[in-house]
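Student: Sharing a structure, written as structure tokens. Questions coming.
Coordinate-derived values only; no laboratory data. Please read all numbers here as calculations on a predicted model, not as lab measurements. Glycine also receives a Cβ, built like all others from the backbone with ideal geometry; neighbour counts cover every protein chain displayed.
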Amino acid sequence: MIIAQLKGDTGLKAGIFACSVEGITVHSPSPVIGLCRKLLALGRDPASPMRVYRGEVLSLHVRSIGAAARLHVDGAKLSIDAKYCSAT
């Protein structure tokens, strides 16, 4: 189980949030998805689940970082991004 921390206002730009785990931080409007992609690029198991906390409160449970990495957020729309899907 991967345990990550979500932070709100990063001071970088409005709408940019941060998500961190094991010394890795992603700044993005959708940082959990970005962190999943980063972890996969670093060789983590795509089937790994992740819990995302904001402070001490569980904010999000990701069943698998591989599935989350395929998601794409565009405003209020959530879709699967083909460029992150494997060709299996």
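Student: Please sort 29-38, 60-69, 15-24 by packing, taking for each peptide the average over its residues of neighbouring beta carbons within 10 angstrom, highest first.
Tutor: The packing order, highest mean first, is 29-38, 60-69, 15-24.
Student: With only Lys, Arg, Asp and Glu charged, each at its Cβ (+1 for the first two, -1 for the last two), find how big the charge dipole of region 1-62 is about the Cα centre; round to the nearest 20 debye.
Tutor: 120
Student: Would you mind calculating the gained length between Val73 and His61 on full extension (0.36 nm times residue separation, minus the Cα-Cα distance), in nm to one decimal?
Tutor: 2.6 nm
Student: Using 0.36 nm per residue of separation minus the Cα-Cα distance, give me the extension gain between Arg51 and Ile3 in nm, one decimal.
Tutor: Using 0.36 nm per residue and subtracting the Cα-Cα distance, I get 16.8 nm.
Student: Given region 2-82 reduced to its alpha-carbon atoms as identical point scatterers, what log10 I(q)/I(0) does the Debye formula return at q = 0.14, 0.22, 0.27 Å⁻¹?
Tutor: -0.42, -1.06, -1.44
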